[in-house]
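**Q** First, the structure itself, so that you have it in front of you.
Please treat every number below as a calculation from the coordinates, not as lab data. Computed from a prediction, not measured in an experiment: that's the story for all the values here.
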Amino acid sequence: MAEPLRVLVVHGPNLNTLGTREPDVYGSLTVDDINEELGKVASGANAELEFFQSNHEGALIDRIQEARSWADGVLINPAGLTHTSIALRDALVATELPVVEVHLSNVHTRETFRHHSYVSGVALGVIAGFGASSYRLGLQALLESLSE
Ligand code: DQA
């Protein structure tokens with residue numbers, strides 16, 4: 001069997017409160033539920049995932065920097081940092097890894113401050129608006145692209 005593809009899955013600030021946070025917007029699944037779903041996709045696709053959630057920009061950047069040494073790609077929901085963080089974007093670029101950006105909600109139908117993403121311009125692709133399925137679709141797209 002070929003070497004497994006290794007993906008860092010990153011959840012940004014406040015995603016640790018999924019399940020109880022604005023469930024009408026973000027759904028009722030917790031971050032652990034989402035990770036479990038992603039794990040199922042990965043095990044059927046010869047992929048290995050490492051999960052990381054933090055509410056701290058610097059901690060997210062540290063983990064993304066480390067990924068350069070072991071990962072094949074990054075799946076990220078940058079959450080609120082999507083719309084504010086040049087530093088997070090710079091860290092993603094510096095990894096030289098393909099990045100897929102995902103959002104539970106369709107950020108383009110929401111407040112205008114959510115319409116701009118600092119990450120999208122350096123991402124392979126973006127999936128938004130499908131709830132937890134955005135992560136699954138994003139992971140599948142990333143793995144397919146890595147296998148090409
Ligand atoms: C989000 C959308 C962001 O605008 C928001 O700040 C989040 C979650 C989403 O998954 O829909 O925290 O990234």
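**Q** Determine ³J(HN,Hα), in whole Hz, for all residues of the range 34-43 in sequence, where each value follows from phi through the Karplus function 6.51 cos²θ - 1.76 cosθ + 1.60 and θ = phi - 60°; x replaces Gly and Pro.
**A** These are the phi-based 3J(HN,Hα) values: 5, 4, 5, 4, 5, x, 5, 4, 5, 5 Hz.
**Q** Past the 20 angstrom mark, what percentage of all C-alpha to C-alpha distances in the chain do you count?
**A** On the way: 4557 of 10878 pairs.
Considering the chain, 42 percent of its Cα-Cα pairs are separated by more than 20 Å.
**Q** Going by amide H atoms built from the backbone, whose H comes under 5 Å of the H on His103, apart from near neighbours?
**A** Counting only residues 5 or more places away or on other chains, the set is Ile127, Ala128, Gly129.
**Q** Can you compute the radius of gyration and Dmax for the range 104-147, using only the Cα atoms, both in Å?
**A** 11.5, 36
**Q** What are the ³J(HN,Hα) values, in whole Hz, obtained from phi via the Karplus relation 6.51 cos²θ - 1.76 cosθ + 1.60 with θ = phi - 60°, for each residue of the range 140-145 in sequence order, with x given for Gly and Pro?
**A** Karplus-based 3J(HN,Hα) across the range 140-145 equals 4, 5, 5, 5, 4, 5 Hz.
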